[in-house]
Amino acid sequence: MNDNLHQLRCFGCGARIAGADAQPDFRCAQCGDLFEVDYPGWLQRRGPDRPNPGALKWLWRERRMSSEALDQSGVWRFRELLPILNSFGNAVTLREGNTPLYHLPRAAKALGIDQLYAKHQGMNPTASFKDTGMTSALSVARERGFEWVACASTGNTSAAMAAYAARAGLRSLVLIPEGKIAWGKLSQAMDYGAVTCQLKTDFDGCLKVLTEIVRTSPIYLLNSVNPYRLEGQKTPAFEIAEAFDWNVPDHIIVPGGNLGNSSALGKGFREMHELGLVARMPRISVVQAEGANPLVRSFAASNGASIEPLEANTRATAIRIGNPASWRKAARVINDTHGWCIDVTEAEIAIAKAELGSEGLGCEPASAVTLAGLKKLRAKTLIAPSDVVVLVLTGHTLKDADYTIDFHRGTFLSEEEAAGHEKEIAALRRNAVVVDATPDAVLAAMEDARA
Ligand code: F0G
């Protein structure tokens, strides 16, 4: 049976092509913009290919009891809404998705809002949200018979790609900016057997080199310019809606780097809305680091109509990106849902990360921009106390342990960066102290911590 119902539609000029006809760099031959996966059959109201919302909700819930690998995946459990493979039997899965939605009562109380949640995408097999998009796009690579897959990465994409390629028996090539990715992520790419090249450039430079390589060599590009990545990455939107019994929250807050994730979540909510699975769209806001904020600047200058690439700098290395590929898609999501696009400082990120840690969750710095951003939006009273808010935490705290340890040791922020935040930082810091190997010394350390 052919499960495949999709076409690719250019986000810029609207040109439609068959999936197999995409250029290796996934740019439109007419206008150079990116493609989006489209399912024309869904538009025909009474057509045989239009999904039935009631039946799907029931089926997806039933699959949670199934012992089939595909049903146990939080991506392929929703496969009716991502019919991108000729056969779902070609799917490569590590049982990604089905990540927890945690209540954040302490942060909610501090912010004066009733309901605050964290959708923790760091609880995926390679510990970041990238797994949801990698299972979908890498499955396409396998189905189309590629031997090699490749990506440029700030670390998480490469970790995910290397793992899924290894599962599928494919070879993988990783290009990363030298010295600018967290060790946890680099170690994953090595462990999963990728050919890992550290280039003396930034993420944007790595992507440029890789784009040239795929134009001449038969290598399948797995960056989020690949529209099949976004198909998997839209499924957390389905999980969020399902968790709220198909009543969507008021507000979703996402970090912004290359801007694939915000684009994908927006697509997921939009498709659910169009198909009648949910009655409305949530507001979707994107938060960037102050030193890597091209989309924030774009909104300030032109409401997201054009973008000026910049040289990015932030210690939230995952989002150290100055020329985001999916900016146009993300800008549409923000505009369509009346979301906001804001940035936060290095100190605000570090503090928010420690606050999430102190609630027992933890995440990587790039994920903590969501809480830092929420604090800003709340301070401006752009969020009402009754709003239901979901933060998307994109990566696990162990991805970047150096960052966490430096913060708690007090060696992370310069005096200038910490200025105005000294009290908050002091209340959050928990350094590991060296004490004598005696009960008295340990008890004294506990006493000190209480003071
Ligand atoms: N959070 C984490 C932990 C990430 O790794 C990334 C992106 C983002 C947020 C931003 O998501 O790019 O979809 O806007 N990491 C990419 C990588 C670029 O190579 O791992 P985005």
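The values are calculated or read from the model by the stated rules, or taken from the named source; none is laboratory data. Since this is a predicted model, take the numbers as computed values, not measurements. Using ideal geometry, Cβ is built from the backbone for each residue, glycine included, and neighbour counts are taken over all protein chains shown.
Of all residues in segment 269-285, those that are surrounded by fewer than 18 Cβ atoms within 10 Å (Cβ to Cβ), free of Cβ contacts under 8 Å to residues at least 40 places away in the same chain and part of a loop (DSSP other than H, G, I, E, B) total 2. Among the criteria (1) within 22 Å of Val254 (Cβ to Cβ); (2) within 15 Å of the ligand (Cβ to nearest atom); (3) surrounded by fewer than 24 Cβ atoms within 10 Å (Cβ to Cβ); (4) of a type outside the set (D, E, K, R), the one Ala401 does not fulfil is (1). For Ala292, are the conditions met, namely being within 16 Å of the ligand (Cβ to nearest atom) and at pLDDT 95 or above? So Ala292 passes the test. Quick one: how many residues across segment 31-86 are closer than 23 Å to Phe11 by Cβ, within 26 Å of the chain's Cα centre (by Cα) and acidic (Asp, Glu)? The total comes to 3. If you scan segment 235-268, which residues turn out to be more than 12 Å from the ligand (Cβ to nearest atom) and in a loop (DSSP other than H, G, I, E, B)? Those that are more than 12 Å from the ligand (Cβ to nearest atom) and in a loop (DSSP other than H, G, I, E, B): Phe244, Asp245, Trp246, Asn247, Val248, Pro249, Asp250. When Ile334 is tested against (1) out of contact with any Gly (no Cβ under 7 Å at 6 or more places or on another chain); (2) within 23 Å of Asp387 (Cβ to Cβ), just one condition goes unmet, and that condition is (1). Applying a threshold of 9 Å to beta carbon distances and a minimum spacing of six or more residues, or different chains, the list of pairs starting in segment 400-426 at a residue that is touching a residue at least 24 places away in the same chain (Cβ under 8 Å) and ending at one that is assigned to a helix (DSSP H, G or I) and of a type in the set (Lys, Arg) reads Asp400/Lys185; Tyr403/Lys353; Thr404/Lys353; Phe407/Lys353. Looking at segment 222-259, which of the residues that are polar (S, T, N, Q) and more than 14 Å from the chain's Cα centre (by Cα) is nearest to Leu371 (Cα to Cα)? Per the criteria, the residue is Asn247. So how many residues does segment 350-377 have that are assigned to a loop (DSSP other than H, G, I, E, B) and more than 16 Å from the ligand (Cβ to nearest atom)? The qualifying residues number 2. With the structure loaded, tell me whether Ala108 is among the aliphatic types (A, V, I, L, M), closer than 23 Å to Thr211 by Cβ and in a helix (DSSP H, G or I) or whether it fails that test. The answer is no for Ala108. The one condition from (1) assigned to a helix (DSSP H, G or I); (2) over 22 Å from the mean Cα position of the chain (by Cα); (3) closer than 29 Å to Gly97 by Cβ that Gly193 does not meet is (1).
Residue-by-condition table, conditions (1) within 20 Å of Val225 (Cβ to Cβ); (2) out of contact with any Ser or Thr (no Cβ under 9 Å at 6 or more places or on another chain); (3) more than 14 Å from the ligand (Cβ to nearest atom); (4) not in a loop (DSSP other than H, G, I, E, B):
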site	(1), (2), (3), (4)
Val287	no, no, no, yes
Ala301	no, yes, yes, yes
Ile307	yes, no, no, no
Leu310	yes, yes, yes, no
Thr314	no, yes, no, no
Ala318	yes, no, no, yes
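Applying the set (1) on the phi > 0 side of the Ramachandran plot; (2) within 15 Å of the ligand (Cβ to nearest atom); (3) not basic (Lys, Arg) to Asn98 leaves exactly one unmet item: (2).
Quick one: would you say Ala330 is under 27 Å from Ser298 (Cα atoms), within 16 Å of the ligand (Cβ to nearest atom) and either within 17 Å of the chain's Cα centre (by Cα) or in a helix (DSSP H, G or I) (or both)? Taking the combined requirement at face value, the residue satisfies it.
Taken as a whole, segment 90-103 holds no residue that is out of contact with any helix residue (DSSP H, G or I) (no Cβ under 8 Å at 6 or more places or on another chain), surrounded by fewer than 16 Cβ atoms within 10 Å (Cβ to Cβ), assigned to a helix (DSSP H, G or I) and not charged (D, E, K, R).
Of all the criteria given as (1) within 14 Å of the ligand (Cβ to nearest atom); (2) in a strand (DSSP E or B), the one not satisfied by Gln188 is (2).
Evaluate segment 134-156: report whether one residue or more is without any contact (Cβ under 8 Å) to a residue 40 or more places away in the chain and within 15 Å of the ligand (Cβ to nearest atom).
No, there is no match, as no residue in segment 134-156 is without any contact (Cβ under 8 Å) to a residue 40 or more places away in the chain and within 15 Å of the ligand (Cβ to nearest atom).
Restricting the first member to segment 312-325 and to residues that are within 15 Å of Tyr403 (Cα to Cα), and the second to residues that are basic (Lys, Arg) and at pLDDT 95 or above, the beta-carbon pairs closer than 6 Å and six or more apart or on different chains are Thr314/Arg320. Taken over segment 204-224, residues that are surrounded by 22 or more Cβ atoms within 10 Å (Cβ to Cβ) and either free of Cβ contacts under 8 Å to residues at least 40 places away in the same chain or in contact with a helix residue (DSSP H, G or I) (Cβ under 9 Å, 6 or more places away or on another chain) (or both) amount to 5.
Annotation: of all residues in segment 333-344 being over 23 Å from Lys109 (Cα atoms) and surrounded by fewer than 22 Cβ atoms within 10 Å (Cβ to Cβ), the one that is farthest from the ligand (Cβ to nearest atom) is His338. Taking the conditions (1) of a type in the set (Val, Ile, Thr); (2) closer than 18 Å to Tyr403 by Cβ; (3) assigned to a helix (DSSP H, G or I) in turn, Thr157 satisfies each one other than (2).
For Gly179, the stated conditions hold: it is away from the ligand (no atom under 11 Å from the Cβ) and out of contact with any strand residue (DSSP E or B) (no Cβ under 7 Å at 6 or more places or on another chain).
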